[in-house]
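Everything below concerns the one structure shown next.
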């Protein structure tokens, strides 16, 4: 099976994540996109900390209606810092993908890809797929990669958390069932 992986805090997962993954799936003919919630991200500060199991549950809820999307909790199960080299080694071992798996990375993180643990080895074992988040330009990086032709949607989990705190509109930027879960659990208040 031809797979791609997207990792992240998903704090919370939102419509932008889902839309981007569908763009990648269609443009590069992946059969499955695997969402992997980070345990302790090393390239991003985990603010508004909630129990990681809440983040995992929201990803499961958001992806459940879509058979081409799957969720893997390997980083949460492994514990400690989340290093993509360890995750992709594990994913390749367990899933035995057809060809190199795709690794979806936002352009905001791609510029510092060189600083990732074992970046060279990671870049050799995956097809690095860069998503536009900050700019529509294709900024060069020192690793082989391809860009997704995606819409530049300025939806961020940080802004969603702030909007929840302020009681502002968030409907339609989150899947309805994720919104219900956040409300039921009293998250981000």
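Yes or no, residue by residue, for (1) closer than 21 Å to residue 50 by Cα; (2) exposed (fewer than 12 other Cβ atoms within 10 Å of the Cβ):
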{"site": "133", "(1), (2)": "no, no"}
{"site": "138", "(1), (2)": "no, no"}
{"site": "144", "(1), (2)": "no, yes"}
{"site": "167", "(1), (2)": "yes, yes"}
{"site": "173", "(1), (2)": "yes, no"}
{"site": "180", "(1), (2)": "yes, no"}
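Among the residues making up the range 28-63, those that are modelled with pLDDT of 95 or more, touching a strand residue (DSSP E or B) at 6+ places or on another chain (Cβ under 9 Å) and over 19 Å from residue 130 (Cα atoms) are 55, 56, 58, 59, 60, 62, 63.
Take residue 179 and tell me if it is in contact with a strand residue (DSSP E or B) (Cβ under 9 Å, 6 or more places away or on another chain), within 23 Å of residue 34 (Cα to Cα) and outside any helix (DSSP H, G or I). No.
Among the residues of the range 153-160, is there at least one that is over 24 Å from residue 119 (Cα atoms), buried (at least 16 other Cβ atoms within 10 Å of the Cβ), touching a strand residue (DSSP E or B) at 6+ places or on another chain (Cβ under 7 Å) and without any contact (Cβ under 8 Å) to a residue 12 or more places away in the chain? Among the residues of the range 153-160, not one is over 24 Å from residue 119 (Cα atoms), buried (at least 16 other Cβ atoms within 10 Å of the Cβ), touching a strand residue (DSSP E or B) at 6+ places or on another chain (Cβ under 7 Å) and without any contact (Cβ under 8 Å) to a residue 12 or more places away in the chain, which makes the answer no.
What residue, among those in the range 1-15 that are under 11 Å from the mean Cα position of the chain (by Cα) and part of a strand (DSSP E or B), is nearest to residue 151 (Cα to Cα)?
Top of the filtered list is 6.
The values are calculated or read from the model by the stated rules, or taken from the named source; none is laboratory data. All figures in this text were calculated on a predicted structure; none of them were measured in a lab. Virtual Cβ from ideal backbone geometry, glycine too; neighbours counted across all protein chains shown.
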